[in-house]
Amino acid sequence: MARTPVSELMTPDPITIAHHETVGKAIETMTRREIRRLPVTKDGKLVGIISDRDVRQMGGRSSLKLPKNDQDDAYLQLPVEEAMTLNVITIRENQPVQEAIALMLKNKISGLPVVDREKKLVGILSELDVLKYCLDMLEREADR
């Protein structure tokens, strides 16, 4: 169990957004799909990530669900590539979950895009995925 690969926990084929799409489209996608981060792709490759936190900071709001005024709308038209985080911290699908947890803690992030050998996006690992895994381990230990 200690060497469980990330691929066993990740969400495969994650929802993504193209680099040229707007911040408004990113917000709409995250809200509709109830997710907090979107990997950003260009020509099928991972080039960044945009999170609900990135978007809230741009709009100066503590929540994406708060009403906005007309002045807030300008940033919604920006392309995602102008708002995304570059140099995304990723993990390979065959790496152990323990390494993923260490990366998330060290970098204070709540999710990791999962890539294969060719750096193609194959999944996403969220803190919720990790918590479910930890709960399962604890329950198995308690049953012993």
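What do you reckon, is Glu118 under 27 Å from Lys42 (Cα atoms), acidic (Asp, Glu) and modelled with pLDDT under 95?
Against the criterion (under 27 Å from Lys42 (Cα atoms), acidic (Asp, Glu) and modelled with pLDDT under 95), Glu118 qualifies.
Of all residues in segment 85-128, which are in a helix (DSSP H, G or I) and over 12 Å from the mean Cα position of the chain (by Cα)?
Scanning segment 85-128 gives Val97, Gln98, Glu99, Ala100, Ile101, Ala102, Leu103, Leu105, Lys106, Asn107.
Given the criteria surrounded by fewer than 14 Cβ atoms within 10 Å (Cβ to Cβ), on the phi < 0 side of the Ramachandran plot and modelled with pLDDT under 95, does Asn87 qualify?
No; evaluated as a whole, the condition is false for this residue.
For segment 115-136, which residues satisfy the criterion of being more than 18 Å from Arg36 (Cβ to Cβ), exposed (fewer than 14 other Cβ atoms within 10 Å of the Cβ) and not acidic (Asp, Glu)?
Arg117, Lys119, Lys120, Cys134, Leu135
Name the residue that is nearest to Gln98 (Cα to Cα), counting only residues in segment 1-38 that are touching a residue at least 60 places away in the same chain (Cβ under 8 Å) and among the aliphatic types (A, V, I, L, M).
The residue in question is Ala2.
Being surrounded by 12 or more Cβ atoms within 10 Å (Cβ to Cβ) and farther than 22 Å from Ala18 by Cβ is the filter here, so list the residues in segment 68-84 that pass it.
Answer for segment 68-84, where residues must be surrounded by 12 or more Cβ atoms within 10 Å (Cβ to Cβ) and farther than 22 Å from Ala18 by Cβ: Lys68, Asp72.
List pairs: first residue in segment 77-100 and touching a residue at least 40 places away in the same chain (Cβ under 8 Å), second residue of a type in the set (Ser, Thr, Tyr) and crowded, with 16+ Cβ neighbours inside 10 Å anywhere in the structure, Cβ distance under 8 angstrom, at least six positions apart or on different chains.
Going by the 8 Å Cβ cut-off, the qualifying pairs are Gln77/Thr22; Leu78/Thr22; Pro79/Thr22; Val80/Thr22; Ala83/Tyr75; Glu93/Ser7; Asn94/Ser7; Val97/Tyr133.
Please name all residue pairs, on different chains or six or more residues apart, with Cβ atoms under 9 Å, provided the first residue is in segment 120-138 and is hydroxyl-bearing (Ser, Thr, Tyr) and the second residue is in a strand (DSSP E or B).
Pairs that qualify, where the first residue is hydroxyl-bearing (Ser, Thr, Tyr) and the partner is in a strand (DSSP E or B), are Ser126/Thr11; Ser126/Arg37; Ser126/Gly111; Ser126/Leu112.
Only one of (1) closer than 30 Å to Glu141 by Cα; (2) at pLDDT 95 or above is not met by Ala2, so which one is it?
Among (1) closer than 30 Å to Glu141 by Cα; (2) at pLDDT 95 or above, the lone unmet condition for Ala2 is (2).
Residues are listed down the side, and each one gets a yes or a no for (1) in contact with a His (Cβ under 7 Å, 6 or more places away or on another chain); (2) crowded, with 17+ Cβ neighbours inside 10 Å; (3) in a strand (DSSP E or B):
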{"site": "Ala26", "(1), (2), (3)": "no, yes, no"}
{"site": "Arg32", "(1), (2), (3)": "no, no, no"}
{"site": "Val40", "(1), (2), (3)": "yes, yes, yes"}
{"site": "Ile49", "(1), (2), (3)": "no, yes, yes"}
{"site": "Arg53", "(1), (2), (3)": "no, no, no"}
{"site": "Met58", "(1), (2), (3)": "no, yes, no"}
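The values are calculated or read from the model by the stated rules, or taken from the named source; none is laboratory data. Owing to the predicted nature of the structure, the values given are computational and were not obtained by experimental measurement. As a convention, Cβ positions derive from the backbone with ideal geometry for all residues, glycine included, and neighbour counts pool all protein chains shown.
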